[in-house]
Amino acid sequence: MKRKPALKKILLLCLLAPVAFSLHSLSLDETLTQINSISNTKNVQFRWDPLFRSGIISSGDHFGAFTVAAKDGETGYLLLNNRELFNVPLPYNSGGRLDFPQAFVDTLKASFTRLHENDASRFRVSTIIIDPGHGGRDPGAVATHTINGKRTQVYEKDIVLSVGLALRDRLYEAYPDKRILMTRDTDVFRSLEQRSDMANAVEIKENESVIFISIHANASVNTNARGYEVWHITSGQRRQLINPTDNNYSADIKAILERMLEEEFTTESILLADRILQGFGHSFGSSLPSRGRKANDWFVVRNSRMPAILVELGFVSNRQDAVLMTSPEGLQKLTDSLYNGVTNFIGIFER
Ligand SMILES: [Zn+2]
C-alpha cells in the first residue's frame, strides 16, 4: 500500500511522456521508408481497414496493428504479433492523410529489429536426407517366403526404397520450406562413401541443421527374430566433424570443437531415435515388437556431420515381418511411423 503514490506518479508520467515526444510526425511513405531502412527487415507492407479505422504494418511474418487517433498526441495500443502491447502515441488523421508520430515509428522499428534477430538465431532443420540402404547390385537382406500362396523373394533394397520414397513425399508436403533429399530414389547402387559425401556436401547456414535418416531392414538366422530398432552413434566414438581442410582452427581447438559437436549431435540423434521409436509404437502397438534404441559405429552415420540415425524396419527373414513389409498397408504404417517421429523431432528441435 505504501507504494501506491509512487506507482501513480509513474503511470502519470507514462501517459504524459508520449504527448511530449510526439512533436514530430511522419507521412505514411516516410514511415515505410524508415522501417524499410532497418538492416534485417523484409517485405514491409501497410494495410488499412477503413471500417474499423485500423491499420497493420508488417515486416515479413511480423506485424503491428493499431487504430487511428482522432488527433495528434493521443495515445493507445500498438499490438505486436497479437501478443505484445505498447502504449504509444497513435497515428492520427491530419487533413485527410495519416500521420505517424516518430515515437510510434521508433517502437515499431525496434520491435521488428528484435523479432528478426530472434528469427535469425532460432535453430531450424533446413534439410532432411533420406537414405534407403543398398540398391542395384546390392540387394541387402534377401529371403523367400510364401505370401498369399505364392513363393515370393523379399529384398531389403525394395522395401527401404518404397518407404523412403513415401516418406519423402509426406515430408515434402509437410515442409515446403525444407530440402528433402534422397541418397537414391531408384534401384541403383551407392557406396557408403557416396552416401555420406552427399550428406556432408549439403550447404547450411549458421543455426541450420541437417538430419540424416538411413532406412534398412534386418535379417537373422533366427527366423523368429522380429521387430524394429533404431541405431545412433555412441558418444565415445570419434567422428570427423570438423572439415579436415579447415585451417581456421588449431589442432587443439579442432579436437575440442569436434568433441562438443559430437556431444550435441549425439544428444540430437538420441532424441530423433526416441521420437521415431515412439512413432512406431503408436502405429503398431504390440503387433510389431520394439527392439529399442541401440548404439553402434555405423559407417554412414559416423561420417555424417549431423544428427543421424539408422532404422531397421523389421526382419526380412521373419515371415510375419516380411508380409508386413511387402503389403501396401504395412508399408504405409512404416512410413507413418517414420513421418510422425521426424515431425515430432522437428517440432521439439525448432521450438
Ligand atoms: Zn541394410
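The values are calculated or read from the model by the stated rules, or taken from the named source; none is laboratory data. All figures in this text were calculated on a predicted structure; none of them were measured in a lab. Please note: Cβ atoms are built from the backbone with ideal geometry, for glycine as well, and neighbour counts cover all protein chains shown.
Tell me which strands (runs of 3 or more DSSP E) are completely within the range 144-226 and hold 2 or more residues being exposed (fewer than 14 other Cβ atoms within 10 Å of the Cβ) and more than 16 Å from the ligand (Cβ to nearest atom), or say none if there are none.
Values: elements: 150-155, 179-182, 208-218.
Answer list for the range 144-226: 150-155.
Taking the stated definitions as given, is Asp131 assigned to a helix (DSSP H, G or I), within 16 Å of the ligand (Cβ to nearest atom) and assigned by TED's automatic domain parsing to the domain that holds Val342?
On the way: assigned to a helix (DSSP H, G or I): no; within 16 Å of the ligand (Cβ to nearest atom): yes; assigned by TED's automatic domain parsing to the domain that holds Val342: yes.
No, not satisfied.
In the range 129-156, how many residues are of a type outside the set (A, V, I, L, M, F, W, C) and under 15 Å from Ala217 (Cα atoms)? Give the derivation first.
Going residue by residue through the range 129-156, those that are of a type outside the set (A, V, I, L, M, F, W, C) are 131-140, 144-146, 148-153, 155-156.
Filter once more, so that each one left must be under 15 Å from Ala217 (Cα atoms): 131-135, 138-140, 144, 153, 155-156.
So the answer is 12.
Of the residues Val202, Val188, only one is farther than 15 Å from Ile346 by Cβ, β-branched (Val, Ile, Thr) and at pLDDT 95 or above; which? Walk me through it before giving the result.
Numbers: Val202 fails: at pLDDT 95 or above.
Within the list Val202, Val188, the selection yields Val188.
Look through Gln320, Gln278 and report the one residue that is modelled with pLDDT of 95 or more and within 30 Å of Thr152 (Cα to Cα). Reasoning before the result, please.
Details: Gln278 fails: within 30 Å of Thr152 (Cα to Cα).
Result of the check over Gln320, Gln278: Gln320.
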